[in-house]
Amino acid sequence: MWDDIKYFKPHEFHCQHCGAEEIKLELVEKMDKLRDLYGLPIKITSGYRCPDHPLSVSRPTSSHIKGVACDFAARTSRERYMLLSLIFEHKLFKRIGINALDKFIHVDIDEDKSQMLTWLY
């Protein structure tokens with residue numbers, strides 16, 4: 001399943017609460033494409049979250065629970081700009097959250113939610 005993924009390993013998307021690895025491969029493939037285009041490492045800060053994860057308990061409709069979302073580090077405004085430019089140019093994700101304070105970008109492929117959105121935390 002992960003044989004075609006060049007830049008990421010399953011453990012990078014595991015639940016930080018229980019260690020479960022239930023991320024959807026389609027999401028990982030899109031992240032792998034983004035990493036290839038970006039040309040630099042991308043650090044996943046949150047992937048799948050089990051239902052008992054503290055953030056799942058406080059946000060029960062989170063796409064992380066379904067394994068269709070991840071957050072990744074974007075430490076500088078330049079890095080954030082470059083990553084977002086690639087996401088938009090290559091139409092990789094239709095749902096994007098930006099957290100400049102905690103310095104991460106959220107992306108998901110949750111078809112059950114509104115599409116073509118970018119929001120701020």
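Here is how the numbers come out for the structure above:
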| read-out | value |
| --- | --- |
| Matching entry among Ala74, Ala69 (being buried (at least 19 other Cβ atoms within 10 Å of the Cβ) and either in contact with a Pro (Cβ under 6 Å, 6 or more places away or on another chain) or over 25 Å from Asp3 (Cβ atoms) (or both)) | Ala74 |
| Cβ pairs under 6 Å, 6+ apart, first in segment 106-121 and free of Cβ contacts under 8 Å to residues at least 24 places away in the same chain, second assigned to a loop (DSSP other than H, G, I, E, B) and not β-branched (Val, Ile, Thr) | Gln115/Lys94; Met116/Lys94 |
| Residue satisfying condition, being within 14 Å of the chain's Cα centre (by Cα), in contact (Cβ under 8 Å) with a residue 40 or more places away in the chain, assigned to a helix (DSSP H, G or I) and farther than 18 Å from Ser85 by Cα, within set Glu12, Glu26 | Glu26 |
| Segment 77-113, subset farther than 25 Å from Cys15 by Cα and acidic (Asp, Glu), residue most open to solvent (accessible area, probe 1.4 Å) | Glu89 |
| Single condition Met116 does not satisfy, out of (1) touching a Lys or Arg at 6+ places or on another chain (Cβ under 6 Å); (2) open to solvent by less than 60 Å² (accessible area, probe 1.4 Å) | (2) |
| Complete set of residues in segment 35-50 that are over 17 Å from Asp108 (Cα atoms), of a type outside the set (A, V, I, L, M) and open to solvent by less than 60 Å² (accessible area, probe 1.4 Å) | Tyr38, Gly39 |
| Criterion (more than 20 Å from Lys91 (Cα to Cα), open to solvent by less than 40 Å² (accessible area, probe 1.4 Å) and of a type outside the set (A, V, I, L, M)) met by exactly one of His53, His11, His17 | His53 |
| Set Leu34, Leu40, Leu86, Leu55: member being aliphatic (A, V, I, L, M) and part of a loop (DSSP other than H, G, I, E, B) | Leu40 |
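The values are calculated or read from the model by the stated rules, or taken from the named source; none is laboratory data. Not measured: the values here are computed from a predicted model. Neighbour counts are summed over all protein chains in view; Cβ atoms, including those assigned to glycine, are modelled from backbone coordinates with ideal geometry. In case anyone asks, the SASA skips ligands and DNA or RNA and just uses the protein heavy atoms, side chains included. Shrake-Rupley method; radii C 1.70, N 1.55, O 1.52, S 1.80 Å.
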